[in-house]
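Contents: one structure, followed by commentary.
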Amino acid sequence: MTTHGRPEACALCHRKVALTFHHLIPKKVHRRAYFRKHVSRDVLAQGIYVCRKCHSGIHQVYDEMLLAKEFNTLQKLAGSQELTRHVAWVSRQKS
């Protein structure tokens, strides 16, 4: 379920807690020539809502360039072995 276009649960751990917006292509790389030339603004603006613990885990496991080039969809993030362990831990945490 969503509230005004915003999901009620984290896209990764599925906990119903406060959510943050994670740009699938991190804002830090938006100004780089490759992304300005090859990626549309609509794609650069895409993201997912995740809890703070999952969001922190994403950025601890991967740097911005790797996120932008290799882990730029929810499916790729959810399929990541390194991140799966973190998300499993987060899903067992209380809010």
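Run the 1.4 Å probe and let me know the accessible area of Arg6, rounded to the nearest 10 Å².
The accessible area comes out at roughly 100 Å².
Helix 81-91 sits at what angle to the longest principal axis of the chain, using alpha carbons and giving 0 to 90 degrees rounded to 10?
40 degrees
Return the aspartates and glutamates within reach of Lys27: Cα separation strictly under 18 angstrom, same-chain partners fewer than 8 residues apart disregarded; answer none if there are no such residues.
Asp42, Asp63, Glu64, Glu70
Based solely on C-alpha atoms, express the radius of gyration and the Dmax of the chain in angstrom.
Cα only, the chain: 13.5, 43 Å (Rg, Dmax).
Can you list the lysines whose alpha carbon sits under 19 Å from that of Lys94, skipping same-chain ones fewer than 8 residues off?
Partners found: Lys16, Lys53.
With all protein chains present, calculate the accessible area of Ser80 using a 1.4 Å probe and round the result to the nearest 10 Å².
Per-residue accessible area (Ser80): approximately 0 Å².
Between the helical axis of 52-61 and the dominant principal axis of the chain, each derived from Cα atoms, what acute angle in degrees is found, rounded to the nearest 10?
Tilt relative to the chain: about 50 degrees.
For the chain, which GluC sites (Glu not before Pro) are both in a DSSP coil and crowded by at most 15 other Cβ atoms within 10 Å?
Within the chain, the qualifying GluC sites (Glu not before Pro) (loop, at most 15 other Cβ atoms within 10 Å) are Glu8, Glu70.
Hey, can you find the accessible area per residue of the chain for me, probe 1.4 Å, expressed in square angstrom?
Ligands and nucleic acids excluded, the result is 68 Å² per residue.
The values are calculated or read from the model by the stated rules, or taken from the named source; none is laboratory data. Keep in mind it's a predicted model, so treat the numbers as computed, not measured. Because the Cβ atoms are built from the backbone with ideal geometry, glycine has one as well, and the counts that use them run over all protein chains shown. Accessible surface is based on the protein model in full, side chains and every heavy atom, while ligands, DNA and RNA are left aside. Shrake-Rupley method; radii C 1.70, N 1.55, O 1.52, S 1.80 Å.
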